[in-house]
Amino acid sequence: MFEELPSVPKSQELLDKAFRRASRYAKNDRSSVMVAGNILSDNLANLIRKFPSLENLPPFYRDIVDIIVGIDILRIKLSRLNWASRQIREITRVSLNDMKRQGENSIYKRAAFGRMSSVIGSIKKDLEFLNEAREKLRWIPAIDPELPTILIAGYPNVGKSSFILQVTDAKPEVATYPFTTKSIQVGHFIQNHQKYQVVDTPGLLDRPFEDRNEIERQAIAALQHLKGVVLFIIDPSGHSGFPLEPQLRLVECIDNFIELPVLVVSNKSDLATYRNGISMSTLTGEGVYEVLGQLTALL
């Protein structure tokens, strides 16, 4: 949805492009104003069109965009570009009318270019914000709502990324420190001619929503809005750096706010196993595909 977003030019780049082409291709002052005005207003309008409609975003993507860049501020910045595009068109119209009535005079061209420069200069920070937003949004993965989906959840460093690495074509970063996964990641596998998608969510901690960071809130958005089955991985060995008790409280918390089936699995069975759960080891591969079989059966 976002990977094709175009890079957003700086304000001076827009002005240089418009005035350079006006100088190169215009035959007189009137056509110079027309060329520059059309280039500036059209470029701004095209940028707005290439951003997805914020009103029509599916709930999952809407939440993710709000977490990463802020829906309201993004809407304001796009509306500022729309205002600038309309202002440039009005400056062009008025200037062309003046030149038509008063005759060719470079003073009207200089005045028009000055007003255009002022308008584009006023949206300098808006353009910079949108380019930074584009760099963040283009990495949001495409999630197909029609595919059977496995959502992986749990505390940081319990083996979520290791699981998706073993069973899908995804290549997540795996490390021994918490919060390695900083965004939603998606992988796929095929079983019995059926394609499945596996969504690796960032690590969650057992704490109130208002205390959760941007990484955790992305995981909450996925669990609230995507459909499928949840694989909740716990680490009873203590090697994740988190005790078992808060991990189990988080299982109960997730059960309370989502309506999806939840399969709780103990990972790192080569080190320790929780007595009441299904176990596997993403390090050795033991039990991984048995767990996958139970998940696809639930789907």
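Only the coordinates and a few stated rules stand behind these numbers; no lab work does. Just so we're clear, the structure is a prediction, and the values are computed from it rather than from any experiment. With ideal geometry, Cβ positions are generated from the backbone for all residues, glycine too; neighbour counts draw on all protein chains shown.
If you keep only loop residues by DSSP, which GluC sites (Glu not before Pro) in the stretch 225-296 have at most 16 other Cβ atoms within 10 Å of their Cβ? If you can, show how the numbers build up before the last one.
On the way: sites: GLU252, GLU259, GLU286, GLU290; in loops: GLU259, GLU286.
Loop-located and lightly packed - GLU259, GLU286.
At 7 Å along Cα-to-Cβ for each site, give me the label-to-label distance between GLU290 and LYS195 in nm.
Here the modelled spin labels are 3.1 nm apart.
Calculated from DSSP H runs of 4 or more alone, at -39500 (n - 2.57) each and per residue, what is the 222 nm mean residue ellipticity of the chain, nearest 500? Mind dumping the intermediate values first?
Values: 10 runs with 155 residues, N = 299.
The helix-only estimate for the chain comes to -17000 deg cm²/dmol at 222 nm.
Quick one: helix 244-257 against the long Cα principal axis of the chain, what's the angle to the nearest 10°, folded into 0 to 90?
Approximately 60 degrees, to the nearest ten.
Out of GLU135, GLU90, GLU146, any idea which swings most in a Gaussian network model of the chain, alpha carbons joined below 10 Å?
In the Gaussian network model the winner is GLU146.
Compute the length gained on full extension between LYS124 and GLN224: take 0.36 nm times their separation in residues and subtract their Cα-Cα distance, giving the result in nm to one decimal.
On the way: separation 100, 0.36 × 100 = 36.00 nm, distance 3.68 nm.
In short, 32.3 nm is gained.
In square nanometres, what is one fourth of the surface area of the convex hull spanned by the alpha carbons of the stretch 11-137? The partial results should precede the final answer.
Details: hull surface 31.4 nm².
Across all orientations, the stretch 11-137 yields a mean hull projection of 7.9 nm².
Could you sort out which of LYS77/LYS100; LYS136/LYS227; LYS50/LYS160; LYS77/LYS195; LYS27/LYS77 sit more than 31 Å apart by Cα distance in this structure? Write down the numbers at each step before the final one.
Details: LYS77/LYS100 35 Å; LYS136/LYS227 24 Å; LYS50/LYS160 34 Å; LYS77/LYS195 39 Å; LYS27/LYS77 35 Å.
Violating the 31 Å Cα-Cα cut-off are LYS77/LYS100; LYS50/LYS160; LYS77/LYS195; LYS27/LYS77.
Relative contact order for the stretch 218-299 using alpha-carbon pairs under 8 Å, separation at least 6, rounded to a whole percent? Walk me through the numbers before you get to the answer.
Values: 98 pairs, mean separation 24.0, N = 82.
Reported relative contact order: 29 percent.
Dipole size in debye (nearest 20) for the chain around its Cα centre, Lys and Arg Cβ +1, Asp and Glu Cβ -1? Kindly include the intermediate steps, with their values, before the conclusion.
Values: 37 positive and 35 negative charges, 498 e Å.
That gives the chain a dipole magnitude of about 2400 debye.
Once you wrap a convex hull around the alpha carbon atoms of the stretch 149-298, what is its projected area averaged over all directions, in nm²?
Working: hull surface 32.1 nm².
Directional mean of the projected Cα hull area for the stretch 149-298 stands at 8.0 nm².
What's the FRET efficiency of LEU299 with ASN56 using the Cβ-Cβ distance as r and R₀ = 35 Å, to the nearest 0.05? Working shown, then result.
Numbers: r = 28 Å, r/R0 = 0.80.
In this case the efficiency is close to 0.80.
Can you tell me the dipole magnitude for the stretch 191-262 around its Cα centre, using point charges on the Cβ only (Lys, Arg +1; Asp, Glu -1), in Debye to the nearest 20?
Here the size comes out at about 300 debye.
Over the chain, what is the relative contact order in whole percent, taking alpha-carbon pairs under 8 Å and six or more residues apart?
Working: 462 pairs, mean separation 48.9, N = 299.
About 16 percent, as a whole number.
Given a cut-off of under 8 Å on Cα pairs at least six residues apart, what relative contact order in percent is computed for the stretch 149-298? Please list the in-between numbers first.
Numbers: 288 pairs, mean separation 36.8, N = 150.
Once divided by the residue count of the stretch 149-298, the mean separation gives 25 percent.
Taking chymotrypsin sites (Phe, Trp or Tyr not before Pro) as candidate sites, keep only those in a DSSP loop with at most 16 other Cβ atoms within 10 Å, then name the longest stretch of the chain containing none of them. Don't skip to the answer; put the middle values down first.
Working: sites that count: TRP139, PHE179.
Segment 1-138 is the longest.
For the pair ARG249 and ASN131, what calculated FRET efficiency results from E = 1/(1 + (r/R0)^6), where r is the Cβ-Cβ distance and R0 = 41 Å, to the nearest 0.05? Before the final figure, lay out each step's value.
Details: r = 42 Å, r/R0 = 1.01.
E between ASN131 and ARG249, to the nearest 0.05, is 0.50.
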